[in-house]
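The block underneath contains the structure these notes are about, expressed in structure tokens.
The values are calculated or read from the model by the stated rules, or taken from the named source; none is laboratory data. None of the values given here were measured: they were computed from a predicted structure. Here Cβ is always computed from backbone atoms with ideal geometry, including for glycine, and neighbour counts include all displayed protein chains. Side chains are part of the model used for accessible areas, which takes the heavy atoms of the whole protein and leaves out ligands, DNA and RNA. Shrake-Rupley method; radii C 1.70, N 1.55, O 1.52, S 1.80 Å.
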Amino acid sequence: LDPVCLIDTSYNIQRINRAFAEQSGTEPERLIGRKCHEALFGREKPCDNCAKGTSFRLKPAKTAGNKNVIYDVFSQGIQFKPTATPLFVNMYHDLSAQLRLERQILESAKMAELGVIGSSIAHELNNPLGGMLSFLQLVRMDLKGDESYYEDILEMERGALRCRDIVKNLLGFTRKSQTDEV
């Protein structure tokens with residue numbers, strides 16, 4: 001349930017719903033007559049971007065009930081009699097969960113793109129790496145083992161094998177698992 005309050009032109013609360021009281025961390029009867037920004041956020045001044053009678057988004061804040069929120073506020077002016085003081089109905093819609101989900105989707109998309117890039121890089125490295133490894137193994141087969149550069153050839157082969165394993169792991173990471181296809 002979204003918090004809702006009825007305020008006057010001076011931000012004084014006239015009525016509230018239970019959700020407003022819960023977000024304020026105070027009993028409903030103790031909130032009537034207090035300023036909405038004080039009751040909901042413990043602020044001395046009206047909220048940034050506050051525009052009574054129009055819709056606006058509040059900056060991320062912590063409610064007096066100790067909850068981190070980002071509210072879209074829908075404010076509608078009402079007047080019961082032509083001579084009566086105008087009142088405003090403010091409905092606070094918490095966007096925190098929606099924005100968190102949007103960030104998670106964005107991060108997932110980034111990770112998917114990273115997988116595509118990683119896969120492309122691995123495939124591009126695999127071909128020249130395979131050629132180098134084959135060449136090193138052919139050279140090693142023609143050596144007796146007592147050449148001054150024999151250890152260097154072995155070290156290059158070990159390095160190429162290590163690179164091959166890294167590329168193989170990278171390709172394994174970027175492939176879809178069987179559970180992704182279900």
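Return yes when Asn126 is touching a Lys or Arg at 6+ places or on another chain (Cβ under 9 Å) and either basic (Lys, Arg) or at pLDDT below 90 (or both) and no when it is not.
Values: touching a Lys or Arg at 6+ places or on another chain (Cβ under 9 Å): yes; either basic (Lys, Arg) or at pLDDT below 90 (or both): yes.
Here the answer is yes, as Asn126 does meet what is asked.
Residue-level check: of (1) in contact (Cβ under 8 Å) with a residue 60 or more places away in the chain; (2) over 25 Å from the mean Cα position of the chain (by Cα); (3) within 27 Å of Leu99 (Cα to Cα), Ala51 misses just (1).
Filtered by the rule that a residue be on the phi < 0 side of the Ramachandran plot and at pLDDT below 85, the stretch 40-49 gives a lone residue, Asp48. Is it the case that the stretch 156-167 has a residue that's assigned to a helix (DSSP H, G or I), open to solvent by less than 50 Å² (accessible area, probe 1.4 Å) and modelled with pLDDT under 90? Yes, the conditions are met somewhere in the stretch 156-167.
State whether the residues of the stretch 99-115 include one that is touching a residue at least 12 places away in the same chain (Cβ under 8 Å), closer than 30 Å to Phe41 by Cα, out of contact with any Leu (no Cβ under 9 Å at 6 or more places or on another chain) and not in a loop (DSSP other than H, G, I, E, B). Spell out the reasoning first.
Step one: list which residues in the stretch 99-115 are touching a residue at least 12 places away in the same chain (Cβ under 8 Å), which gives 99, 115.
Right, trim to closer than 30 Å to Phe41 by Cα and you get 99.
With the extra rule that they be out of contact with any Leu (no Cβ under 9 Å at 6 or more places or on another chain), the set shrinks to 99.
With not in a loop (DSSP other than H, G, I, E, B) added as a condition, the list becomes 99.
Within the stretch 99-115 (the criterion being touching a residue at least 12 places away in the same chain (Cβ under 8 Å), closer than 30 Å to Phe41 by Cα, out of contact with any Leu (no Cβ under 9 Å at 6 or more places or on another chain) and not in a loop (DSSP other than H, G, I, E, B)), the answer is yes, since at least one residue qualifies.
Which one is modelled with the lowest pLDDT among residues in the stretch 79-95 that are hydroxyl-bearing (Ser, Thr, Tyr) and over 14 Å from Pro3 (Cα atoms)? Step by step, filter the stretch 79-95, then rank; the result is Thr83. The set of residues in the stretch 133-153 being among the aliphatic types (A, V, I, L, M), in a helix (DSSP H, G or I) and open to solvent by less than 60 Å² (accessible area, probe 1.4 Å) consists of Leu133, Leu136, Val139, Ile153.
Of all residues assigned to the stretch 173-180, at least one qualifies as being modelled with pLDDT under 90, surrounded by 11 or more Cβ atoms within 10 Å (Cβ to Cβ) and assigned to a helix (DSSP H, G or I).
Picking from Glu113, Glu124, which residue would you name as being of a type in the set (D, E, K, R) and under 31 Å from the mean Cα position of the chain (by Cα)? Steps first, answer last, please.
On the way: Glu124 fails: under 31 Å from the mean Cα position of the chain (by Cα).
Going through Glu113, Glu124 in turn, the sole match is Glu113.
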